[in-house]
Each structure stands twice: as C-alpha cells, then as structure tokens.
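Everything on this sheet refers to the single structure shown next.
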Amino acid sequence: MSYWFLLFPVISAFIGWITNWVAIKMLFHPRTPKRILGITFQGIFPKRQQKFAEKLGKLVSDEFLSFDDIEAKISNPENLKQIMPIIENHVDDFLRNRLKDEMPVISMFIGDKTIGNLKTLFMNEIETLLPIVMKQYAANLKTELDLEQIVITKVAAFSSDKLEEVLYQIMSKEFRFVEIIGAVIGFLIGSLQVIFTYFINKG
C-alpha cells in the first residue's frame, strides 16, 4: 500500500473541519441573497429573520410576558405594600408643608392630630383604590400597546452583524466544538478508509 494513503485521515479531517466551518458561516452569510449558477444563496438567520421575529413575538406575548402577568404583578397587594411608605411620606409632606402654600387659611386650623387623622383617612382610601387603579392601568396598556408587534419590529430590525456578534460571544465554544467534531469524524472516516484499503490490497 502506498504511503500516500496515510494522508487520507488528514485530508478527511480537513474536509470534515472545513465543511462544518462553512455550515456555521452559512448561518449568517451571505447577508443578502446571492445568485450563483442559477441558485440563490442566503444565510439562514438573515433569510428567516422576519419569520423568527414573528415566532418570537408571539412566544413572548403568549408565554413569557403577557399583560395578564403584568396586571397580576402591578396589582398584587404585597407589591403595592412596598410603595405605600413612599406615598405616605408624600401625603405627610403635603399636609404639613404644601398645604400651607396652597391653602394658608385652612392650614392655620389644622393641627398635628388632625393631620394624623387626615393622613390615616387618605392612606386607607389610597390602599383601597390603588389596586383598582393599577388594574385599570394594565387594561389600558393592553389596549394601547401591542406587545407582540413591538417584539416583531425590534427583532426584525436587529442588525445581522450584531446578531452574529452576540451569538458568537455566547456560543463561540460550541461553534468551535462543532468544527473540531467535524475534523475528528473526518479523521476517523479517513482512518477506516486506510484500514479497509490495506486489508483489501493485502487480500
């Protein structure tokens, strides 16, 4: 058997590596359709970006971030309790300071006890009203904002260059692994060819 056969594993490894490398590059390139020998080529992501945007928009609006979830979050009593101290401070400041500027005559007849009673009354009303207001606010958002369309527009307008950069930052090791696997499989196939050729020639 010629020693040139020993190059088969190396050649096969190179072919396996270059094939996977080209396949990865074809995920993003060419950016725009290119017609070669009557066949149109375009990268998978650029070609399917609009379809991907539509699927992602529907997925996000239906599963990940629905207005029902938003309404539940912003009207949750436990979450609203966290902002009540801020509202209470604002009411207290209004009754003790701003009221003097807006209604100086009335403020002359309001003492600390009355301010305390008014603040308690206001806070009770606000605590009752706030969940209703937040639910109505979420309902208005649902009417005015098309979450699905927002995602579709943003993703569809996303730069292919930026998408490639982001994916390479996240999956560079995985892409490299795919290239190496191609080389390893090619080397094994080439080695098997050498072994089979050796035994066939020997027989």
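Quick look at the numbers
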item: The chain: most fluctuating residue of GLU164, GLU63, GLU71 per GNM, C-alpha cutoff 10 Å; result: GLU63
item: Most fluctuating residue given options LYS135, LYS100, LYS34, as computed from a GNM of the chain linking Cα atoms under 10 Å; result: LYS100
item: Kirkwood hydrodynamic radius over Cα pairs of the range 18-121, then Stokes diffusion coefficient at 10 °C and 1.306 mPa s, in µm²/s; result: 79 µm²/s
item: Dipole magnitude of the range 50-91 about its Cα centre (Cβ charges: Lys, Arg +1; Asp, Glu -1), debye to nearest 20; result: 180 debye
item: Extension gain, SER159 back to MET26 (0.36 nm per residue minus Cα-Cα distance, nm); result: 46.3 nm
item: Violating pairs (Cα-Cα greater than 19 angstrom) within the set LYS51/LYS73; LYS58/LYS173; LYS34/LYS154; LYS81/LYS135; result: LYS51/LYS73; LYS58/LYS173; LYS34/LYS154
item: Summed residue charge, Cβ within 13 Å of ILE83's Cβ, Lys/Arg positive, Asp/Glu negative; result: -1
item: Cα-projected label distance for ARG96 with LEU7, points at 7 Å along beta-carbon direction, nm; result: 9.0 nm
item: Residue (of MET171, GLY111, ILE24) at the positive-pole extreme of the range 3-202, dipole from beta-carbon charges; result: ILE24
item: Net charge dipole size for the range 73-170 [Lys, Arg +1 and Asp, Glu -1 on Cβ; Debye, nearest 20]; result: 340 debye
item: Extreme residue, positive dipole direction of the range 1-89, given options VAL60, PRO9, ASN76 (C-beta unit charges); result: PRO9
item: Nearest 10 degrees, 0 to 90: helix 84-93 Cα axis against the chain principal axis; result: 40 degrees
item: Value at 222 nm in deg cm²/dmol, rounded to 500, when DSSP H runs of n ≥ 4 in the chain each add -39,500 (n - 2.57); result: -24500 deg cm²/dmol
item: Given charges at beta-carbon only (K, R positive; D, E negative), |dipole| of the range 1-138 in Debye; result: 1300 debye
item: Equivalent ellipsoid, the chain (semi-axes from 5 times Cα gyration tensor eigenvalues, Å); result: 71, 20, 15
item: Alpha-carbon centroid distance for the pair the range 1-79 / the range 90-125, whole angstrom; result: 62 Å
item: Set of lysines with alpha-carbon distance to LYS100 below 20 Å, sequence-local pairs under 8 removed; result: LYS113, LYS119
item: Most mobile of GLN193, GLN149, GLN42 in a GNM of the chain (Cα contacts under 10 Å); result: GLN193
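The numbers here are math on the coordinates, done by the rules we state, and not lab data. None of these values were measured; they are calculated from a predicted model. Note: ideal-geometry Cβ built from the backbone for every residue, glycine included; neighbour counts use all protein chains shown.
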